[in-house]
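Where a number appears in this text, it was derived from the coordinates with a stated rule and is not lab data. Since we're looking at a predicted model, the values are computed, not measured. Here the Cβ is made from the backbone with ideal geometry for all residues, glycine too, and neighbour counts use every protein chain on show.
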Amino acid sequence: MSAIKLLTTFDLFAFNWCLGLPRAPELAKVSRQVSRLGDGGLYLVLGMSLAVFELQNGMLFFMAGLLAYSIELPLYLLLKNTIKRDRPCDALPFEAYIVPSDKFSFPSGHSAAAFVFATLIAHFYPGFTEFAYSLAVLVGVSRVLLGVHYPTDIVAGAALGMSSALIALNFLPALMTL
C-alpha cells in the first residue's frame, strides 16, 4: 500500500471514529467554542497585552509572533491552494457542524496558528508550555470533531505552526540588532 493510500485510510478511519462517538453532537457544541479560540483574536489580544504590560519578554514575544505569523500565513495559503484537498464535509456523506471559512482542508490553519502561539509561549514562558500545547491540541481536535478537517490536516498544521515559530525565533536575534 502506498504512503498516500495508507494516510487516506488512516484519516478516514480516525475521522469516522471521532464522528461516530456516542456523544459526538455534544462534543461538537464544546468543540465550537474551543475552535473559536483558534480564530486569532485571542492571540492578538494576548500578544499585545504582553507587549504592553510584560516588560521582560513581552515585546520580544510580540515581535516573534508577528514574524512567525508572517511566515506561517503565506505558507498555509500556498499549501492549501496548491494541494486543494476537499474538506471531509465535502468529500464524504456527512454534514459538518459548522460552515468552514474556505473550501480546502490541508493543512489546518487553526492548528497552524495555535501551534505557532504554543511554541512561542513555550519559548518565552516555559511554565505555561503544557497548557499552551494542550490548548493547541484541543483546537486541532475540535476541528476534526466539527467535521471540517481530517486528522492529518491537524498534524500538518501543527508542523507548519511549530516550524514557522522556530524559524522566527532563529531570526529574532538578527532582527533585534537592526
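Tabulated values for the structure
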quantity	calculated
Value in Å of the Kirkwood radius, where the chain supplies the Cα pairs that are averaged	16.8 Å
Eligible aspartates and glutamates near K84 by straight Cα distance, threshold 18 Å, same-chain separation 8 or greater	D11, E72, D102, D153
Relative packing of peptides 41-47, 137-143 - highest average C-beta neighbours within 10 Å first	137-143, 41-47
Ranked by how many other beta carbons lie within 10 Å on average, peptides 70-76, 82-88, 155-161 from highest	155-161, 70-76, 82-88
Segment 109-178 and segment 32-73: distance between their alpha carbon centers, rounded to Å	11 Å
Isotropic mean projected area of the C-alpha convex hull, segment 84-166 (nm²)	5.1 nm²
Environment charge of A113, counting only residues whose C-beta is closer than 9 Å and scoring Lys/Arg +1, Asp/Glu -1	-2
